[in-house]
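Step one of this worksheet: look at the structure below.
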Amino acid sequence: MALLTVEDLSVIYAQRSTAVRAVDRVSFTIEPGEIVALVGESGSGKTSVALALTKLLPMPPAAISGDVRLSGTSLLDATGDTLRSIRGGTISYVFQDPATSLNPVLTIGEQLVEAIELHTDARGREAKQEAIRWLQRVGIPSAEERLGAYPHEFSGGMQQRACIAMALASRPALLVADEPTTALDVTIQVQILRLLRDLQRTLSLSVLLISHDLTVVERIAHRVGVMAGGRLVELGAVEQVLHQPAHPHTKELLRYRSMMTLKREGKR
Ligand SMILES: Nc1ncnc2c1ncn2[C@@H]1O[C@H](COP(=O)(O)OP(=O)(O)OP(=O)(O)O)[C@@H](O)[C@H]1O
Ligand SMILES: [Mg+2]
């Protein structure tokens, strides 16, 4: 059975006189241990899909319809404590800008321990040991000493590693990573992606990866969906979609990528 099943998901944002249909009847599944990517131009509805999964959108103005199931359990029907334990627990998020995800007045250790105590059975010393293990797993050197550091004492790449540790410390079934490397410079991007892929393999985690970077997607995703104007216009295996695109929007994205690659190579 699929881990995540999304059926006819729609998101409408009410505005003064009109309504924007940001997500229009989107359906897809994610299998256990699978990385599914969503790509598409800016404003095509990728983030809205990601946030709608756990109703993380402000309602109103947003209205969500359709059916989202995690291991068969409806997420859109969930409320209260059930919804809170799903968010950041069973489904956890990593966003583009690590600085906004971290609390500036708490140390990295305090935030990690809090996430661990909230979502697992570990407490006190045990939670602290677990926090150290997570920092080590995401490749932060001298993890034990680093527990006492504040977010601003970390570089951008290290902050994103800490966010990934925090997202995974709750032992989610699904990690939603929305442009996780966009704010980072290129060498750090590669390291973070490698880390995500390794963690996905060792933890057999399912990942919904949102990116506008097709090279990133090609490197780590199994399947990719292409969004345009709120609709999922193409969905398939990465090799197929990126090498034999069927939809004009996908072809357009690929043309844009080759143009950018040529530009970059021209600069060298
Ligand atoms: N809170 C909101 N209120 C009204 N409209 C919104 C809101 N959030 C998003 N939208 C609109 O919904 C559409 C989809 O936005 P969304 O952020 O999901 O796109 P995206 O694919 O993630 O774009 P990007 O690549 O720029 O991150 C856009 O037209 C956007 O302007
Ligand atoms: Mg977005």
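The values are calculated or read from the model by the stated rules, or taken from the named source; none is laboratory data. Fair warning: this is a prediction, and the values are worked out from it, not measured in the lab. With ideal geometry, Cβ positions are generated from the backbone for all residues, glycine too; neighbour counts draw on all protein chains shown. Side chains are part of the model used for accessible areas, which takes the heavy atoms of the whole protein and leaves out ligands, DNA and RNA. Shrake-Rupley method; radii C 1.70, N 1.55, O 1.52, S 1.80 Å.
Tabulated data
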quantity: 18 Å cut-off, amide nitrogen to a point 7 angstrom out along Ala237 Cα→Cβ, residues in segment 187-231; calculated: 217-226
quantity: Exposure of Lys251 as accessible area (Å², to 10), given a probe of 1.4 Å and all protein chains; calculated: 90 Å²
quantity: Nitroxide proxy distance, nm - points 7 Å out along Cα→Cβ at Glu252 and Ser65; calculated: 2.6 nm
quantity: Whole-percent carbon and sulfur share, accessible surface of the chain, 1.4 Å; calculated: 50 percent
quantity: Global geometry of segment 49-108, whether rounded, prolate or oblate, following the gyration tensor of its Cα atoms and the 1.5 cut on a/c; calculated: prolate
quantity: Of the DSSP H helices in the chain, those whose Cα atoms cover at least 24 Å axially and whose Kyte score averages -1.0 or more; calculated: 186-203
quantity: Ellipticity estimate at 222 nm from DSSP helix runs (n ≥ 4, -39,500 (n - 2.57)) divided over the chain, nearest 500; calculated: -12500 deg cm²/dmol
quantity: Rounded if a/c under 1.5, otherwise prolate or oblate - the chain, Cα gyration tensor axes; calculated: oblate
quantity: In Å², nearest 10: area of His247 left accessible to a 1.4 Å probe; calculated: 50 Å²
quantity: Label point distance in nm, Ser85-Met259, each placed 7 Å from Cα along Cα→Cβ; calculated: 5.0 nm
quantity: 15 Å Cα-Cα reach of Lys128 towards aspartates and glutamates, excluding residues that sit fewer than 8 places from it in its own chain; calculated: Glu110, Glu114, Glu117, Glu144, Glu145
quantity: Where the chain is the region considered: accessible area per residue in Å², 1.4 Å probe; calculated: 49 Å²
quantity: Amide H within-cut-off set for Gly88, under 5 Å, with H built and near neighbours excluded; calculated: Tyr93
quantity: R0 of 30 Å, Cβ-Cβ distance Ala14-Ala99: FRET efficiency to nearest 0.05; calculated: 0.50
